[in-house]
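Chemist: Handing you a structure now.
The values are calculated or read from the model by the stated rules, or taken from the named source; none is laboratory data. Given the structure is predicted, the values throughout are model-derived calculations rather than measurements. Positions of Cβ are generated from backbone atoms using ideal geometry, with glycine treated the same way; all protein chains shown enter the neighbour counts. The protein model used for the area step is the full one, side chains on, heavy atoms only, and it has no ligands, DNA or RNA in it. Shrake-Rupley method; radii C 1.70, N 1.55, O 1.52, S 1.80 Å.
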Amino acid sequence: MLTFRSSYKSFVIDKILHCRYFCSSPGPSSKVESQGHLHESSDDSEVEDEAKDSLPSQKKPVWVDEDDEDGEIVDMMNNRFRKDIMKNASESKLSKDKLQKRLKEEFQHAMGGVPDWAETGRKRRKSSDDESEEDEDDLLQRTGNFISTSTSLPRGILKMKNCRPANAERPTTARISSVQFHPGAQVVMVSGVDNAISLFQVDGKTNPKIQSIYLEKFPIFKACFSANGEELLATSMRSKVLYVYDMLAGKLIPVHQVRGLKEKIVKRFEVSPDGSFLLISGIAGFSHLLSMKTKELIGSMKINGRIGASTFSSDSKRIYTSSGNGEVYVWDVNSRKCINRFFDEGSLYGLSIATSKNGQYVACGSKSGVVNIYSQDSCLQQTNPKPIKAIMNLVTGVTSLAFNPTTEILAVASRKMKEAVRLVHLPSCTVFSNFPVFKKSAVSRVQTMDFSPRSGYFALGNEQGKALLYRLHHYSDF
């Protein structure tokens, strides 16, 4: 029996992006600790900085390497980094001078212009630290459905900052099982095998704790917000109970048994993007579709072999199921019939699968460490679709995949090896070279990942109990 240890304060979030939580005292089946308030954000946005001044005139070099003057031709095909900056096949060979100019263009494109430290013709207006602080302050002062002023994300280098861990105010050494940003509030949820689910306000600096929910003898396998953010669902590793936390009423509701569901353990599940359905992955290849509103069984689907992973399409009309033999099944949600199936190229065992928010891509992660990126159209229409790109930067099984909301980044990770996480730029399908920073070895083994609703933040949880938080400077909104 779960008991409450203390009461908590109520608070209000802006009605557009925030909802009112914890407004009544919870029931007697859990214990809750709460502190702090969510801060309402100002709707005022700051005026953009003035356009950068033109580049200063070129100074005479103080030293010249004679080898640079010989006009030597460079083979672009022999080096994968040079190959990535080729614009077309005719550039298989370039002179040193042209290669130098191309590298300069790529650098400026990745940096969003000429950085302050490279400008010599005028006094620097601000230090980079000051600018990043102002970016964060501006981001957290605003909420609402703003249109970002940034252009498409450049490839190569991802401008980002390592923030204080999201769960720093509730330290733990237990493995993190889930990290997820709230769909409407500046809040991140962190759960772990220490039986706790915690909510933190995201400000990038202190990330104050809002509330912790403790479930006795219930190590969390997965926790997830409902699509509208009004409910929080949690499953355990060795239980068939599904806990539903009502965010509005502040009540924890255990669902002990779903009529017609004969699974002995309920742990893997997915919530449809439109908030209508709950998909539970069972044993022996069975998937069970439930009504999100009533938590009643609608119907079941079965594949050959065991289920590796499942996900909904962005419009919630289809379900993609990756199997233990490398085959991918595509289901129609309404009829619960298989409308297509294909083998993930080169895969013998599917571990993860994800669909992009814009409906363009399907990513399949395999036990071999390969991530195949497909066009969703080809997955629906072809029995043998070819991947747009195979990402081969990992060497152990790909256990986590996550697209960012703008479909410009695909995060791929393996929990089998330390620092085994990469961020892939889309649509170029190239890996950002500056993440992770291997010398620091701070990421460790990644268990779960998520992007904030407008890509301003990226979070990941590891086996050491840390929910690492990163600010992505390209995106101006949370």
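Chemist: Yes or no: residue 312 among the aromatic types (Phe, Trp, Tyr) and over 21 Å from residue 240 (Cα atoms)?
Modeler: It is true that residue 312 is among the aromatic types (Phe, Trp, Tyr) and over 21 Å from residue 240 (Cα atoms).
Chemist: When the stretch 159-171 is examined, which residues are found to be surrounded by fewer than 24 Cβ atoms within 10 Å (Cβ to Cβ), in contact with a strand residue (DSSP E or B) (Cβ under 6 Å, 6 or more places away or on another chain) and either free of Cβ contacts under 8 Å to residues at least 60 places away in the same chain or part of a loop (DSSP other than H, G, I, E, B) (or both)?
Modeler: Residues satisfying the conditions are 163, 165, 169, 170.
Chemist: Which of the numbered conditions does residue 331 fail, given that it passes all the others? Conditions: (1) closer than 24 Å to residue 395 by Cα; (2) buried (at least 23 other Cβ atoms within 10 Å of the Cβ).
Modeler: (1)
Chemist: When you go through 313, 300, 212 one by one, which is the residue that is of a type in the set (S, T, N, Q), closer than 29 Å to residue 342 by Cα and open to solvent by less than 10 Å² (accessible area, probe 1.4 Å)?
Modeler: The unique qualifying residue is 313.
Chemist: Let me ask another. Quick one: how many residues across the stretch 405-427 are touching a residue at least 60 places away in the same chain (Cβ under 8 Å) and of a type in the set (S, T, N, Q)?
Modeler: 1
Chemist: Does at least one position in the stretch 404-416 carry a residue that is open to solvent by 40 Å² or more (accessible area, probe 1.4 Å) and either farther than 24 Å from residue 273 by Cα or not in a loop (DSSP other than H, G, I, E, B) (or both)?
Modeler: Within the stretch 404-416, one or more residues are open to solvent by 40 Å² or more (accessible area, probe 1.4 Å) and either farther than 24 Å from residue 273 by Cα or not in a loop (DSSP other than H, G, I, E, B) (or both).
Chemist: Return yes or no: is residue 399 at pLDDT 95 or above, β-branched (Val, Ile, Thr) and in contact with a Ser or Thr (Cβ under 6 Å, 6 or more places away or on another chain)?
Modeler: It is true that residue 399 is at pLDDT 95 or above, β-branched (Val, Ile, Thr) and in contact with a Ser or Thr (Cβ under 6 Å, 6 or more places away or on another chain).
Chemist: In this structure, does residue 231 turn out to be free of Cβ contacts under 8 Å to residues at least 24 places away in the same chain, crowded, with 17+ Cβ neighbours inside 10 Å and either touching a strand residue (DSSP E or B) at 6+ places or on another chain (Cβ under 8 Å) or closer than 20 Å to residue 448 by Cβ (or both)?
Modeler: yes
Chemist: Does the stretch 382-391 include one or more residues that are under 25 Å from residue 303 (Cα atoms), touching a residue at least 12 places away in the same chain (Cβ under 8 Å) and open to solvent by less than 10 Å² (accessible area, probe 1.4 Å)?
Modeler: Yes, because at least one residue in the stretch 382-391 is under 25 Å from residue 303 (Cα atoms), touching a residue at least 12 places away in the same chain (Cβ under 8 Å) and open to solvent by less than 10 Å² (accessible area, probe 1.4 Å).
Chemist: Are there strands (runs of 3 or more DSSP E) fully within the stretch 228-284 with at least 3 residues that are closer than 18 Å to residue 300 by Cβ? List them.
Modeler: 268-271, 277-281
Chemist: Of these, 396, 355, 430, which one is surrounded by 18 or more Cβ atoms within 10 Å (Cβ to Cβ) and touching a residue at least 12 places away in the same chain (Cβ under 8 Å)?
Modeler: Answer to the selection: 355.
Chemist: Then there's this: Just a yes or no: is a residue in the stretch 291-307 in contact with a Ser or Thr (Cβ under 9 Å, 6 or more places away or on another chain), in contact (Cβ under 8 Å) with a residue 40 or more places away in the chain and over 19 Å from residue 370 (Cα atoms)?
Modeler: yes
Chemist: Does the stretch 367-375 include one or more residues that are over 24 Å from residue 338 (Cβ atoms), open to solvent by less than 40 Å² (accessible area, probe 1.4 Å) and not aliphatic (A, V, I, L, M)?
Modeler: Scanning the stretch 367-375, I find at least one residue that is over 24 Å from residue 338 (Cβ atoms), open to solvent by less than 40 Å² (accessible area, probe 1.4 Å) and not aliphatic (A, V, I, L, M), so the answer is yes.
Chemist: So, one more: Quickly run through the stretch 212-235 and pick out the residues that are closer than 18 Å to residue 465 by Cβ and over 22 Å from the mean Cα position of the chain (by Cα).
Modeler: Those that are closer than 18 Å to residue 465 by Cβ and over 22 Å from the mean Cα position of the chain (by Cα): 212, 213, 214, 215, 218, 219.
Chemist: Still on this model: Residues being open to solvent by 20 Å² or more (accessible area, probe 1.4 Å), assigned to a loop (DSSP other than H, G, I, E, B) and within 16 Å of residue 448 (Cβ to Cβ): count how many of those fall in the stretch 175-191.
Modeler: Within the stretch 175-191, residues that are open to solvent by 20 Å² or more (accessible area, probe 1.4 Å), assigned to a loop (DSSP other than H, G, I, E, B) and within 16 Å of residue 448 (Cβ to Cβ) number 1.
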